[in-house]
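Below: the structure, in structure tokens.
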Amino acid sequence: MNLPPPAGPRTLVAGIGNIFLADDGFGVETARRLAERQLPEHVEVVDIGVRGVHLAYQLLDGYDTLVLVDATARGEAPGTLYVIEHDGPSRDTGAVPAIDGHRMTPDTVLALLGTLCAGTGGELPRRVLVVGCEPASVDEGIGLSAPVSDAVPEAVRLIEELLRGGTPFVAQASTAEAQT
């Protein structure tokens, strides 16, 4: 038997990335550690990994806020954390996103969700944040580099602050700029 979702605004924190590509596993490891913490009832933490289509379908359950946690290459020192407020879908409304079930960018997931919502009457999350970490390497290999591993506890703290309604510095950027 499935329990009904909690009443009121819901938040989904989704760890995304490929654990077989070194630091690309940052989101998965951060979600794992965050899931061990005591979080508000309205917050759900999931390890999405590389299952972007699964994420789009899960979002149809209705979430007010989505926090994506991912390795995010932006040119800073490895281990640098970013909080990026997603500024909505791209302006190219005629583009159809390429769907690759194992390599979907956040923008592609949200574009797919928009299509699914249009067909089902669902709604997109009101707010989408990306908590990213500058990777040292996304080459084949299991395990995070030292600077990215060291950033995981700080990322957990940062996400907990966001979930409590805190406002750490938020860089305005589109998720397309934040993809690895």
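I'd like the full set of residues that are at pLDDT 90 or above and of a type in the set (Gly, Ala, Ser), limited to the stretch 1-58.
ALA14, GLY15, GLY17, ALA22, GLY25, GLY27, ALA31, ALA35, listed by residue number.
Quick one: which of ALA35, ALA73, ALA31 is within 15 Å of THR105 (Cα to Cα) and among the hydrophobic types (A, V, I, L, M, F, W, C)?
ALA73
Which numbered condition in (1) at pLDDT below 95; (2) open to solvent by 20 Å² or more (accessible area, probe 1.4 Å) is the only one that VAL130 fails?
Just one mismatch for VAL130, condition (2).
Pairs please, first residue from the stretch 41-52 and over 13 Å from LEU12 (Cβ atoms), second anywhere and in a loop (DSSP other than H, G, I, E, B) and open to solvent by less than 20 Å² (accessible area, probe 1.4 Å), Cβ atoms under 9 Å, 6+ apart in sequence or on different chains.
GLY49/GLY17; VAL50/GLY17
Answer yes or no as to whether THR115 is assigned to a helix (DSSP H, G or I), polar (S, T, N, Q), at pLDDT below 95 and under 30 Å from ASP61 (Cα atoms).
yes
The values are calculated or read from the model by the stated rules, or taken from the named source; none is laboratory data. Keep in mind it's a predicted model, so treat the numbers as computed, not measured. Positions of Cβ are backbone-derived with ideal geometry, glycine not excepted, and every protein chain shown enters the neighbour counts. Accessible surface is based on the protein model in full, side chains and every heavy atom, while ligands, DNA and RNA are left aside. Shrake-Rupley method; radii C 1.70, N 1.55, O 1.52, S 1.80 Å.
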